[in-house]
Amino acid sequence: MKTFHSYAELAALQGQEVLVTDWLAITQQQINLFAEATGDHQWIHVDPERAAHGPFGATVAHGFLTLSLLAGLMDRSLTIQGVKMGLNYGLNKVRFTAPVPVGSRLRARLRLLETQALDDQGLQMVWQVTMEREGQEKPVCVAETISRVYGGA
């Protein structure tokens, strides 16, 4: 867990890689629960027997599941003292550049591209996120995400 004592301390790292998260294992249960939540039951995600004969040799995580894991990875990896609330504000760019077979382990590299002070004791941050799959050179997802925090200093 990387802890920052103020918005200014974090903002000083603009343009730099701020953190690399811990690895997170991708399970079939996660994939199935995501399929239930979203209604996306495509066989490549939820049918291990059929997917074993498919293009990736196993089921693969939904691209949007991979992207959505970022919120939890960041929450477990980064804290700013005094912040009472954080939220996802949006995305500028997203690309799913490689599959994530079940059993893979992922982590995120976060580079702080931009910060902007908000009037109500908040900070907006634009992050370049590179999701990596253990043992693979090519990232599985590259995104530019915008987040906001409130209540800190």
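Structure data summary
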{"item": "Among the residues listed as T130, T79, T115, the single one being of a type outside the set (K, R) and either within 19 Å of H62 (Cβ to Cβ) or within 12 Å of the chain's Cα centre (by Cα) (or both)", "result": "T130"}
{"item": "Criterion violated by A37 - all others in (1) surrounded by 12 or more Cβ atoms within 10 Å (Cβ to Cβ); (2) under 29 Å from W127 (Cα atoms) satisfied", "result": "(1)"}
{"item": "Among the residues listed as R105, R95, R76, the single one being in contact with a Phe, Trp or Tyr (Cβ under 6 Å, 6 or more places away or on another chain) and of a type in the set (K, R)", "result": "R105"}
{"item": "Check on L110, in contact (Cβ under 8 Å) with a residue 40 or more places away in the chain and either over 17 Å from E9 (Cβ atoms) or not small (G, A, S) (or both)", "result": "yes"}
{"item": "Residue pairs meeting the criteria (Cβ under 8 Å; at least 6 apart or on separate chains; first in contact (Cβ under 8 Å) with a residue 40 or more places away in the chain, in segment 47-60; second among the hydroxyl-bearing types (S, T, Y))", "result": "P48/T59"}
{"item": "Neighbours by Cβ (under 6 Å, 6+ apart or cross-chain): first from segment 118-142, over 14 Å from E17 (Cβ atoms) and touching a residue at least 24 places away in the same chain (Cβ under 8 Å); second acidic (D, E) and crowded, with 20+ Cβ neighbours inside 10 Å", "result": "none"}
{"item": "Scan of segment 123-153 for residues that are more than 14 Å from R111 (Cα to Cα) and in contact with an Asp or Glu (Cβ under 6 Å, 6 or more places away or on another chain), ordered by number", "result": "P139"}
{"item": "Count of segment 49-88 residues which are over 20 Å from L19 (Cβ atoms) and in a strand (DSSP E or B)", "result": "2"}
{"item": "Count of residues meeting criterion [touching a residue at least 60 places away in the same chain (Cβ under 8 Å) and under 27 Å from P48 (Cα atoms)] in segment 70-100", "result": "2"}
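Bear in mind these aren't lab numbers, they're just calculated from the coordinates by the rules spelled out. Note that the coordinates shown come from a computational prediction; the quantities given were computed from them, not determined experimentally. Cβ coordinates were reconstructed from backbone atoms using ideal geometry, including for glycine residues, and neighbour counts include every protein chain displayed.
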